[in-house]
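The values are calculated or read from the model by the stated rules, or taken from the named source; none is laboratory data. If you're wondering where the values come from, they're calculated on a predicted model, not measured in any experiment. All Cβ positions, even for glycine, are placed from backbone atoms using ideal geometry, and neighbour counts span all protein chains on display. Surface areas here come from the heavy atoms of the whole protein model, side chains and all, with no ligands, DNA or RNA. Shrake-Rupley method; radii C 1.70, N 1.55, O 1.52, S 1.80 Å.
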Amino acid sequence: RITFNAAISSFGKCAEWEKSLHFLSVMVQSTVELGTITFNAAISACESGGEWKNALQLLAIMAQSNVESNTETFNAAISSCEKGSEWAKALHIFTGMRQSIVEASTITFNAAISACVKGEEWEKALLIFGMMAKRQVESNTITFSAAISACERNGQWERALQLFSSMADSTAEANAITFSAVVCACEDSGEWAKTLQLFDMIMQSKVESHSMPFNTAISACEKGREWEKALQLFSMMTSTNWN
């Protein structure tokens with residue numbers, strides 16, 4: 001069984017999900033007992049290949065076969081739905097996991113929040129984000145970036161700022177994606193002064209210059225009639241070979 005599991009996992013990492021499922025079918029025909037590790041490897045292979053339907057089918061087979069699911073199982077299944085933009089199915093699995101004895105991890109919550117982002121369900125994203133603190137599950141940079149993106153896509157700039165500010169009380173550090181999301185949230189809502197304030201904060205951070213949202217900041221300057229600042233930013237953008 002170990003050889004089969006290694007093969008399924010290996011093909012999965014190479015996005016060769018069809019070969020992973022082929023090896024799984026060979027195991028069934030060989031009457032080799034299928035365990036949690038085997039199914040996890042196969043579901044992860046489907047996740048990598050964007051095959052959310054196959055991932056859910058495997059999850060159902062696990063339940064029918066009385067094969068125990070663990071955190072890794074649910075993480076892969078939720079992520080496969082998230083990558084397939086099937087946010088409702090991702091949340092259905094997440095809800096089912098909450099009702100089981102399996103503990104959700106940071107990866108689980110991140111996948112569920114990211115699914116809400118794609119479904120433009122910002123309220124559900126923040127609800128799940130709030131669950132993490134109650135369950136004492138640590139939030140990381142991906143968690144905050146996803147939650148802020150959910151707010152940004154739905155014009156919730158004040159909530160995006162609140163989330164960004166709360167990062168200071170956590171161990172998570174803002175990266176280019178985090179800054180870009182909160183800056184865009186403010187700029188899209190016409191909050192040009194806050195946009196420029198945030199951009200200045202980025203300038204003082206460790207974020208690489210080519211990752212900075214110059215276009216967003218320049219647009220904010222235009223709305224605030226800050227022409228000199230706009231020219232200054234444009235000069236910086238061209239000097240850093242940003243595109």
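For segment 105-153 and segment 51-80, what is the separation of their C-alpha centers, rounded to whole Å? Taking the Cα centre of segment 51-80 as reference, the centre of segment 105-153 is 21 Å away.
Beyond 23 Å, what percent of the Cα pairs of segment 100-199 remain? Write down the numbers at each step before the final one.
On the way: 1009 of 4950 pairs.
Roughly 20 percent, once rounded to a whole number.
Report the accessible area of Leu21, computed with a 1.4 Å probe over the heavy atoms of all protein chains in place, in Å² rounded to the nearest 10. Roughly 40 Å² of Leu21 is accessible to a 1.4 Å probe.
With R₀ set to 25 Å, the beta-carbon distance separating Ala60 from Gln99 gives a calculated FRET efficiency near 0.95. Dipole size of segment 105-145 about its Cα centre, with +1 on Lys/Arg Cβ and -1 on Asp/Glu Cβ: approximately 120 debye, rounded to the nearest 20.
Per-residue counts of other Cβ atoms within 10 Å, averaged by peptide: what ranking do you get for 194-202, 71-79, highest first?
Working: 194-202: 19.7, 71-79: 24.9.
In descending order of packing, they fall as 71-79, 194-202.
Between their Cα atoms, which of Lys89/Lys194; Lys124/Lys194; Lys53/Lys134; Lys118/Lys194; Lys83/Lys134 are more than 29 Å away from each other? Lys89/Lys194; Lys53/Lys134, as the Cα separations exceed 29 Å there.
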